[in-house]
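Okay, structure first, notes after.
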Amino acid sequence: MTRLFCQDHPDTLQLDATVLKARPGAVLLSQHPFYPGGGGQLPDLGIVRWHGGEVPVTGFSEEGGALWLQLADGIEMAGEVRAEVDPAFRQLMRELHTDLHVLNALVFRDFDGALVTGVQMNADGTARIDFDLPDADNDRLRALEPELNDVIAQDLPVLAHHMSLTEAHAEKGLLRSRSVSPPPSSEGLIRIIEIAGLDRQACGGTHLASTGASRPLKILKIENKGRSNRRIRIGLQGL
């Protein structure tokens, strides 16, 4: 996978670019700030502006290692453009993704290294994360809510760096999914997200610069999904 601009610059929401290729309803740009979705995180919303006006970005498709932007209304464009991410939606996804890492860290610590079996973030400010936890006490899981919000209030720095796939497999706890690992970059590197003093794990999504940039959380529901799967639903307070 090509390393994405948004992974290194999540606060940069506008980029001027040149159209490299185009067809009705799709465009390949020289650069763009969008996150195309993955790992349970929804793709960015946004627009592309060009001399003919502006058009919403409706999706993304990878072709031969290149990421095409899908455009509304079958638009075909050329020349110089500006790609713009919807700031409120990017902020929402960054909050939810960072908060899920905090919850993951606490469950991994308190429940014998339980692995993740699924994740999904939603546009309404809620998210769910599933764990392989056949014998967990749901009340113990609900009791994590105060510590979740304490970590947010501590405003811990959130950092990103890269390491080789071999190194990532050698460090216990970096790969938390039961069945899926983030794909390595074209250089063979895995991206690691670290919440200072709390957590380190592989991830390809966009995150906050520090936990304090998130709104407080509430645990909405805990469900048993099958014999060993435990689902925790969270939501940002005030939404």
Using alpha-carbon coordinates, inclination of helix 145-154 to the longest axis of the chain, degrees: 60
For segment 54-94, with only Lys/Arg (+1) and Asp/Glu (-1) charged at the beta-carbon, what is the dipole magnitude about the Cα centre, in debye rounded to 20? 280
Rotationally averaged projected area of the chain (alpha carbon convex hull; nm²): 13.4
List the lysines whose Cα lies under 21 Å from the Cα of residue 172, skipping any in the same chain that are fewer than 8 positions away. none
Which whole-number percent is the relative contact order of the chain (Cα, under 8 Å, 6+ apart)? 20
Report ³J(HN,Hα) in whole Hz for each residue of segment 168-173, in order, from the Karplus equation J = 6.51 cos²θ - 1.76 cosθ + 1.60 where θ = phi - 60°; Gly and Pro get x. 5, 5, 7, 9, 4, x
As I understand it, the value is the acute angle between the Cα axis of helix 87-110 and the longest principal axis of the Cα atoms of the chain; what does it come to in degrees, rounded to 10? 30
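Every read-out reported here was derived from the displayed coordinates using simple, explicitly stated rules and does not represent laboratory data. Please read these numbers as outputs of a predicted model, since none were measured by experiment. Cβ sites come from the backbone with ideal geometry, for glycine too, and all protein chains shown count toward neighbours.
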